[in-house]
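*Asks:* One structure follows; several queries about it will come next.
The values are calculated or read from the model by the stated rules, or taken from the named source; none is laboratory data. What you see is a predicted model; the values in this text were computed from it and never measured. Neighbour counts are summed over all protein chains in view; Cβ atoms, including those assigned to glycine, are modelled from backbone coordinates with ideal geometry. Areas reflect the complete protein model, heavy atoms only, side chains present, ligands, DNA and RNA absent. Shrake-Rupley method; radii C 1.70, N 1.55, O 1.52, S 1.80 Å.
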Amino acid sequence: MSKLNYSEFEKYISSNKISKIYFLQGEEYLINTSENLLKHKILGNNYSDFDLNLFNEESITLEKLILSSETFPVTTDSKLIILHNLPLETWEDKEIYNFLEILNELPEFTYLIFSQIAKTENLKNITKLKKIEKIFLKKGIVCDFSKKDICLEEELINLAKENYGKNLSMYYATKIKELCSNQSINSIRNELQKICELESSDTITEDSMKALIKYNDKINIFELPKAIQSRNLSKSLTLLSKLLLQGEEPIVLISIIISNYIDLFRAKIFDAEEIPIKKIFEIYDYKNKEFKIKNSIKTCKNISLIQIKNSLKYLIQADLELKSINLNPEIILSKTIVKLIKL
């Protein structure tokens, strides 16, 4: 069977057909959307943690995969396993072969979605993926998603209205698409969020669109908190300087950094108490922003709860100083970044 693009996948999902295994790759946003569609189709609306098992490259082993696939569902007739990325760096031909053998022996009630989200440029790992893809093509459904598969302009217009209550014209939606042509859908959605948050009226105007600078000439604003949380002081201060020169507002920068540390705090608390992460989505509004918590889950393992709390204290203090003290914003932000990294 040939690969499906997203439009073809939508037609497939609306039919009564269903496969035992799926291999999804390409645009992460479309992969996540497709997983949710398949989840609903396979499990319905009412299912328990016993019916759905999630693994990533760090948590998966062949033994866990076998055990999960053979464990009967509890509240539905089906069992679904979703696997994000394989440990291609450590799995050799033997593990790949055994993984493919497991696919041949899945119980009748078990379905598997393998999503290759992480990008790989290693030739050896690419060869491994090609081998896996070849088997999936014979036994299930393979999808390769691209931005070109959807009308991105309509997606942005709907997102602006539904998530931020803003009216985005087709003209400006097209302009965003053009300016961010080299970015992923998730990155473009982040750019739209920035525009909507900067817009004071109900309709996106030229003034708020000025926040966008051609991708090749600009720094992504969300790179700063990543650099800080990776404790790269030199990169963090360089990014800060470039972002300010780029015209980014200091208040917006500090707000984004605070938002990231709040995500870290929530992820750390839930992880420490061994509460299923999906409960976060029931308590807090992360609709269409689930990736923020998924990233925080990985990051919070390398930082203590005390460090996160102290970081938030420094950030709140910096936020107050930016709003009340007549001092160069870059000095306030630079000092705060140094404190965060040296904690």
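*Asks:* Tell me which residues, restricted to the stretch 48-62, are of a type in the set (Phe, Trp, Tyr) and either touching a residue at least 60 places away in the same chain (Cβ under 8 Å) or open to solvent by 50 Å² or more (accessible area, probe 1.4 Å) (or both).
*Replies:* Phe50
*Asks:* Still on this structure, please answer the following. Yes or no: the stretch 40-56 includes at least one residue that is modelled with pLDDT of 90 or more, closer than 30 Å to Leu152 by Cβ and charged (D, E, K, R).
*Replies:* yes
*Asks:* So which strands (runs of 3 or more DSSP E) are wholly in the stretch 74-193 and hold at least 1 residues that are open to solvent by 30 Å² or more (accessible area, probe 1.4 Å) and in contact (Cβ under 8 Å) with a residue 60 or more places away in the chain?
*Replies:* The strands (runs of 3 or more DSSP E) meeting that bar are 110-116, 141-145.
*Asks:* Return yes or no: is Glu197 closer than 29 Å to Lys339 by Cβ and not in a helix (DSSP H, G or I)?
*Replies:* For Glu197, the condition - closer than 29 Å to Lys339 by Cβ and not in a helix (DSSP H, G or I) - is not met.
*Asks:* Hey, another quick one. Would you confirm, using the coordinates I've provided, whether Leu65 is part of a helix (DSSP H, G or I), under 27 Å from the mean Cα position of the chain (by Cα) and farther than 21 Å from Gly26 by Cβ?
*Replies:* The answer is yes for Leu65.
*Asks:* Just checking, how many residues over the stretch 299-314 are part of a helix (DSSP H, G or I) and in contact (Cβ under 8 Å) with a residue 24 or more places away in the chain?
*Replies:* 11
*Asks:* Turning to a different aspect of this structure: Residues of the stretch 316-343 being farther than 18 Å from Gln229 by Cα and outside any helix (DSSP H, G or I), which ones?
*Replies:* Result: Ile325, Asn326, Leu327, Asn328.
*Asks:* Let me ask another. One residue is enough: does the stretch 235-244 have a residue meeting the conditions modelled with pLDDT under 90, open to solvent by 50 Å² or more (accessible area, probe 1.4 Å) and β-branched (Val, Ile, Thr)?
*Replies:* yes
*Asks:* Which one of Asp207, Asp217, Asp202 is at pLDDT 90 or above and either touching a strand residue (DSSP E or B) at 6+ places or on another chain (Cβ under 6 Å) or of a type in the set (Asp, Glu) (or both)?
*Replies:* Asp202
*Asks:* Moving on to the next point. Does the stretch 147-156 contain any residue that is farther than 21 Å from Ser34 by Cα, at pLDDT 90 or above and touching a helix residue (DSSP H, G or I) at 6+ places or on another chain (Cβ under 7 Å)?
*Replies:* Checking the stretch 147-156: not a single residue is farther than 21 Å from Ser34 by Cα, at pLDDT 90 or above and touching a helix residue (DSSP H, G or I) at 6+ places or on another chain (Cβ under 7 Å).
*Asks:* Turning to a different aspect of this structure: So the check is Cβ under 8 Å with 6+ separation or different chains; which pairs have a first residue in the stretch 315-334 that's open to solvent by less than 80 Å² (accessible area, probe 1.4 Å) and a second one that's at pLDDT below 90 and assigned to a loop (DSSP other than H, G, I, E, B)?
*Replies:* Going by the 8 Å Cβ cut-off, the qualifying pairs are Glu321/Leu327; Ile332/Ile325.
*Asks:* Continuing with this model, one more query. Kindly provide the set of residues from the stretch 18-53 that are in contact with a Cys (Cβ under 9 Å, 6 or more places away or on another chain) and part of a strand (DSSP E or B), ordered by number.
*Replies:* Result: Tyr22, Phe23, Leu24, Gln25, Gly26.
*Asks:* Where the second residue is among the β-branched types (Val, Ile, Thr) and open to solvent by 20 Å² or more (accessible area, probe 1.4 Å) and the first is farther than 19 Å from Lys41 by Cα and lies in the stretch 1-29, which pairs have Cβ atoms under 7 Å and are six or more apart or on separate chains?
*Replies:* Going by the 7 Å Cβ cut-off, the qualifying pairs are Glu28/Ile117.
*Asks:* In the stretch 245-266, which residue that is open to solvent by 50 Å² or more (accessible area, probe 1.4 Å) and not in a helix (DSSP H, G or I) is farthest from Leu305 (Cα to Cα)?
*Replies:* Taking the candidates together, the pick is Gly247.
*Asks:* Does Phe281 fit the bill of being assigned to a helix (DSSP H, G or I), open to solvent by 40 Å² or more (accessible area, probe 1.4 Å), touching a residue at least 60 places away in the same chain (Cβ under 8 Å) and out of contact with any Leu (no Cβ under 7 Å at 6 or more places or on another chain)?
*Replies:* no
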